[in-house]
1. Limited to segment 129-143, what total is found for residues that are over 15 Å from LEU28 (Cβ atoms) and small (Gly, Ala, Ser)?
2. Given the condition open to solvent by 20 Å² or more (accessible area, probe 1.4 Å), in a helix (DSSP H, G or I), at pLDDT below 90 and under 30 Å from ASP176 (Cβ atoms), answer yes or no: does some residue in segment 299-310 qualify?
3. For the subset of segment 318-331 comprising residues that are closer than 14 Å to LEU427 by Cβ and of a type in the set (Val, Ile, Thr), which member is modelled with the highest pLDDT?
4. Anything in segment 175-197 that is of a type outside the set (A, V, I, L, M) and at pLDDT 80 or above? List them, or say none.
5. Pull up segment 64-102, narrow it to residues that are of a type in the set (Asp, Glu) and modelled with pLDDT of 80 or more, then point me to the one that is nearest to the chain's Cα centre (by Cα).
6. Do you know which residues across segment 311-334 are open to solvent by 20 Å² or more (accessible area, probe 1.4 Å) and part of a helix (DSSP H, G or I)?
7. Of all residues in segment 242-258, which are among the hydrophobic types (A, V, I, L, M, F, W, C), assigned to a helix (DSSP H, G or I) and either in contact (Cβ under 8 Å) with a residue 24 or more places away in the chain or open to solvent by less than 60 Å² (accessible area, probe 1.4 Å) (or both)?
8. List the helices (runs of 4 or more DSSP H) that sit entirely inside segment 85-195 and contain at least 3 residues that are touching a strand residue (DSSP E or B) at 6+ places or on another chain (Cβ under 9 Å) and either open to solvent by less than 70 Å² (accessible area, probe 1.4 Å) or farther than 30 Å from ASN34 by Cα (or both).
Amino acid sequence: MTTRRTLRTRIALGLLLYSLLLSAAILLHGYLTNERIESVVWEALLSAELDRLIEHPAQGRVQPIPRTGTLVGYSRSLQGPDDAMPAELRALSPGLYNSIELDGHMVAVLVRDVGTERIFMTVEVGEIESNERSLFGWVALSSLAGAVLLAWAIHVLSGRLLQPVSEFAAHVDGLDPDTRGHRIEVASQAGHEVATIAAAMNRYLERIDAFVERERGFIENVSHELRTPIAIIGGAADILEGRSDLPDAARKTVRRIRQTVDNIDQLIATLLVLAREPHRMRDGGECHRIEGLLPQLVTDHLYLAQDKALRFEIGTTVPSSIMAPAHVIQVTLANLLRNAIENSDRGTIELSIQPAGVVRILDPGHGMTPEELGRFYTAMARSGVERARSGLGLDLIRKICEHVGWTLDLQSSSAGTHAILDMRASLRVSDLMPNADAG
């Protein structure tokens, strides 16, 4: 996961970088300016001393060249080599040289030809250069410290300025989607921009509240309108089944009607829980042994395979107690079995529970195509943004798994489809530790 810097951190880092660049530019400009001023000063000083030594430049010098003190002069004839000249000065042509090391000292040298002589006037600048370097270091260090101090001050100040934004974000993050009537309040010291965003969010929350109320009203109406006719059909089926003169063939049909009514009632209950209070699935305190549900589940779906050459086989069933509403478990398993029957023509559909809490349904059908599997897992990854196109059954199971914490794995091949429903998130603790009783 990418770590994003806060706005205050970016402001502080940006200001620190700007301060460092500005300080570097100022220091460079100061250094270049100082070097230029030094050149002008040394040239003026040494030129004045040379001019004092020369009475008539055309006739040559008349004053002796100083050999001691701050100013030291040297001369050599232009008509031949002079081995007595220091090697550092011998090759210099006329001009000004700021930094020449001579006898272990840093000097500035002005070279000028006077008649048949070349005169070298030097002034020691080592102490001045050392002071300059020291001063430059202190200026650079103080500039760095000032930039860091300024960045820290801006970081602290921006934190106070952005505090209303942080409080606003924390308020939004703390909103409970299950509670209506939430409104965001901002502090009086918050800026106009934060207040504008809060007002827009409050208007949005009002529209969401109105939408949720409409949806709840619609769900309640649909629930009533669906349950009423289903109850009537179920009651009528009970009356018919209770008649002694009802033929056996008709009695089987009435039982199928009764069974279908029960299945529809369970499906409606599951859909209503999904639509209104999905957290009730996770919080359900009922405990059900799912290995005992498999035989009845197969019996209830035999009619779907009556025109197919299909057999049902219940394999290994590890005892498993699932803490979840009964209708949720039954609807989930029924949809998986129905999907296996619909995608199979002949052979054996095997049901098993292994290990505890993991239901496996293996069908001999043609299997799901890679495209169907891709659509299903894409819908799983998008968490309901789009419906999977593999039927209402798998889409319903996907939604149930999201709310309860179960997982569904579909492994398809040319030999059929292996559906693995992992319900261990709802498994009773004692089933997770099979040897607990022995201890």
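The values are calculated or read from the model by the stated rules, or taken from the named source; none is laboratory data. In this text, all values refer to a predicted model and were calculated from it rather than measured experimentally. A quick note on method: Cβ atoms are made from the backbone with ideal geometry, for glycine too, and the neighbour counts reach across all protein chains shown. Accessible surface is based on the protein model in full, side chains and every heavy atom, while ligands, DNA and RNA are left aside. Shrake-Rupley method; radii C 1.70, N 1.55, O 1.52, S 1.80 Å.
1. Residues flagged as over 15 Å from LEU28 (Cβ atoms) and small (Gly, Ala, Ser) within segment 129-143 amount to 3.
2. Looking through segment 299-310, none of the residues is open to solvent by 20 Å² or more (accessible area, probe 1.4 Å), in a helix (DSSP H, G or I), at pLDDT below 90 and under 30 Å from ASP176 (Cβ atoms).
3. The initial filter retains those residues of segment 318-331 that are closer than 14 Å to LEU427 by Cβ, namely 318-324, 329.
Remaining after also requiring of a type in the set (Val, Ile, Thr): 318, 322, 329.
Working: VAL318: 92, ILE322: 89, ILE329: 87.
Residue satisfying both the conditions and the ranking: VAL318.
4. Passing the criteria: ARG183, THR196.
5. Filtering segment 64-102 for residues that are of a type in the set (Asp, Glu) and modelled with pLDDT of 80 or more, the one nearest to the chain's Cα centre (by Cα) comes out as GLU101.
6. Once the filter is applied, which keeps residues that are open to solvent by 20 Å² or more (accessible area, probe 1.4 Å) and part of a helix (DSSP H, G or I), segment 311-334 yields ALA326, HIS327, GLN330.
7. ALA250, VAL254, ILE257
8. In segment 85-195, the matching helices (runs of 4 or more DSSP H) lie at 126-161.
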